[in-house]
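See below for the structure under consideration.
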């Protein structure tokens, strides 16, 4: 089943969705109010970007960002996920405060998911 895009009227926005859009995540969630734990026990691929920040302290690694995508959609979102990784690496190489960027992913299934 293809992944589609749709317009969401401002009255239906939620902070989770707005934050994901503003942070440039390749996939964001939108959900109806009152929809509880719709992703509970759903395999989610969690992407995490971490880097070292020797300017603050040698050996200090910080999480730059983290987001999840249902594992079942990863193949369909492959191009968007690859583009996000590429753009992050390009932006990262244009600065000097953080070094040793590491983008990792793992699949998790949780009994409750807070968005």
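Throughout, read-outs are computed from the coordinates displayed, never taken from laboratory work. This one's a predicted model, so the numbers in the text were calculated from it and none came from an experiment. Here Cβ is always computed from backbone atoms with ideal geometry, including for glycine, and neighbour counts include all displayed protein chains.
In plain terms, the bigger the Kirkwood radius, the slower the diffusion; for the range 10-108, with that radius from Cα pairs, at 37 °C and 0.692 mPa s, Stokes-Einstein puts D at 217 µm²/s. Model label points for residue 15 and residue 93, set 7 angstrom from Cα along the Cα-to-Cβ axis, are 3.7 nm apart. The simple Förster model, with R0 at 22 Å and r as the Cβ-Cβ distance, assigns residue 106 and residue 55 a FRET efficiency of 0.20.
Between rounded, prolate and oblate, where does the range 52-95 land on the alpha carbon gyration tensor, with a ≥ b ≥ c its root eigenvalues, rounded for a/c under 1.5, else prolate if a/b exceeds b/c? Oblate shape, in that a/c is at least 1.5 and b/c is the bigger or equal ratio.
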